[in-house]
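> Mind having a look at this structure? Questions to follow.
The values are calculated or read from the model by the stated rules, or taken from the named source; none is laboratory data. Keep in mind that what you see is a predicted model, and the values were worked out from it rather than measured. All Cβ positions, glycine included, derive from the backbone under ideal geometry; neighbour counts span all protein chains shown. Each accessible area value is taken on the protein alone, full model and side chains, heavy atoms only, with ligands, DNA and RNA left out. Shrake-Rupley method; radii C 1.70, N 1.55, O 1.52, S 1.80 Å.
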Amino acid sequence: MGVVMNHHLLTIIFGILGNAVSFLVLVAPLPTFYRIYKKKSTESFQSLPYQVSLFSCMLWLYYALIKKNAFLLITINSFGCVVQTIYIAMFLAYATRDKRISAMKLFIAINVVFFSLILLVTHFVVKTPTLQVSVLGWICVAISVAVFAAPLMIVARVVKTKSVEYMPFTLSFFLTISAVMWFGYGLFLNDICIAIPNVVGFVLGMLQMVLYCVYRNASEKPEIEKKINLSEQQLKSIVVMSPLGVSEVHPVVTASVGPPSDAVHHEEPSNGNRKCHVETSRPENV
């Protein structure tokens, strides 16, 4: 009896932790969409990860309603449907015309047509409730793997450009922790359909974090060099090396230091005397 109680308690604990971490995963793209809102442009961001995430939340919500006794799946996936819909709406609002049309086609194909097809098949073709749960569960496994694999195109971009600008570290981190929590929830719930995709999610999340650590400094270097080159062209500066190895660039206002050395003054030549007077001043000690 005590073992059963502990087993049930661990299921609830992992489920609650899974909800908490998944909440952080869902709100992790907020800085990205705030950037889109401020710039009024989607730049190089893609809608595919959010489209697939919405589709996954819809499927898991449907699965939890059919399976029953999975309230913690219902709560987080209901919230996920709302959040992902908002993200997609913002993407459509600020995307270019071509991107907007492409995203709309993808939305209709995945979240309307494909989901409706699964709904009709599992509801009308598969009659047995147990078989319905099994079929829908394995469909959820396949889609969840696709959700975890969706950022792989961003991974390919990171490797190609050696820049992590479009792969937020927070999203990868919370995705990995979420996979661990939901794996534990599925394990103690004896639901293999919940446990399996989170193994894949953990591996892919670790891969993204490793790539972020590898290319983080590489993506900052061009920006630093650009700023240094710009400062060298536009102003006279003093570079101070701190004990930590971080360089700081301080502009120098030459007017407050004193007269410049070796100043050259030219006088306009008069009609009678065409000579150029050169006055050289010594630098003053400061």
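> Cβ-Cβ under 6 Å, sequence separation 6+ or interchain: first residue in region 159-173 and outside any loop (DSSP other than H, G, I, E, B), partner surrounded by 15 or more Cβ atoms within 10 Å (Cβ to Cβ). Which pairs?
Phe169/Tyr212; Thr170/Ala28; Leu171/Ala28; Ser172/Gly205; Ser172/Gln208; Ser172/Met209
> Still on this model: Does Leu61 fit the bill of being within 19 Å of the chain's Cα centre (by Cα), closer than 20 Å to Trp138 by Cα and free of Cβ contacts under 8 Å to residues at least 60 places away in the same chain?
On the way: within 19 Å of the chain's Cα centre (by Cα): no; closer than 20 Å to Trp138 by Cα: yes; free of Cβ contacts under 8 Å to residues at least 60 places away in the same chain: yes.
When the stated conditions are applied, Leu61 does not pass them.
> Report yes if Met209 is within 21 Å of the chain's Cα centre (by Cα), aliphatic (A, V, I, L, M) and modelled with pLDDT of 80 or more, otherwise no.
yes
> In this structure, does Phe124 turn out to be at pLDDT below 90 and exposed (fewer than 13 other Cβ atoms within 10 Å of the Cβ)?
For Phe124, the condition - at pLDDT below 90 and exposed (fewer than 13 other Cβ atoms within 10 Å of the Cβ) - is met.
> So which pairs qualify, if the first residue must be in region 89-105 and farther than 15 Å from Leu48 by Cβ, the second must be in a loop (DSSP other than H, G, I, E, B) and open to solvent by less than 80 Å² (accessible area, probe 1.4 Å), the Cβ gap must be under 7 Å, and the two must be at least 6 apart or on different chains?
Between residues of region 89-105 that are farther than 15 Å from Leu48 by Cβ and residues that are in a loop (DSSP other than H, G, I, E, B) and open to solvent by less than 80 Å² (accessible area, probe 1.4 Å), the close pairs are Tyr94/Ser41; Tyr94/Thr42.
> Another question, if that's okay. Looking at Ile228, Ile238, which is the one that is of a type outside the set (Gly, Ala, Ser) and either at pLDDT 50 or above or open to solvent by 90 Å² or more (accessible area, probe 1.4 Å) (or both)?
Ile238 is the lone residue from the list that is of a type outside the set (Gly, Ala, Ser) and either at pLDDT 50 or above or open to solvent by 90 Å² or more (accessible area, probe 1.4 Å) (or both).
> What do you reckon, is Asn190 modelled with pLDDT of 80 or more, within 17 Å of Leu72 (Cα to Cα) and in a helix (DSSP H, G or I)?
So Asn190 fails the test.
> Name the residue, out of Ala70, Ala64, that is at pLDDT below 90, closer than 26 Å to Thr130 by Cα and of a type in the set (A, V, I, L, M, F, W, C).
Numbers: Ala64 fails: at pLDDT below 90.
Matching residue, one of Ala70, Ala64: Ala70.
> Please verify whether Phe107 is farther than 30 Å from Lys127 by Cβ and either aliphatic (A, V, I, L, M) or open to solvent by less than 20 Å² (accessible area, probe 1.4 Å) (or both), treating the condition exactly as stated.
So Phe107 fails the test.
> Looking at region 139-154, can you tell me whether even one residue there is more than 26 Å from Ala89 (Cα to Cα), touching a residue at least 12 places away in the same chain (Cβ under 8 Å) and not hydrophobic (A, V, I, L, M, F, W, C)?
no
> Take the residues in region 14-29 that are open to solvent by 40 Å² or more (accessible area, probe 1.4 Å) and modelled with pLDDT of 90 or more; name whichever of them is nearest to Arg100 (Cα to Cα).
Ranking the candidates gives Phe23 first.
> Out of all the residues in region 37-47, is one or more surrounded by 14 or more Cβ atoms within 10 Å (Cβ to Cβ), assigned to a helix (DSSP H, G or I), modelled with pLDDT of 90 or more and in contact with a Phe, Trp or Tyr (Cβ under 7 Å, 6 or more places away or on another chain)?
For region 37-47, residues surrounded by 14 or more Cβ atoms within 10 Å (Cβ to Cβ), assigned to a helix (DSSP H, G or I), modelled with pLDDT of 90 or more and in contact with a Phe, Trp or Tyr (Cβ under 7 Å, 6 or more places away or on another chain): absent.
> Specify which of the listed residues (Val112, Val52, Val83, Val133) is open to solvent by 50 Å² or more (accessible area, probe 1.4 Å) and in a helix (DSSP H, G or I).
Going through Val112, Val52, Val83, Val133 in turn, just one is open to solvent by 50 Å² or more (accessible area, probe 1.4 Å) and in a helix (DSSP H, G or I): Val112.
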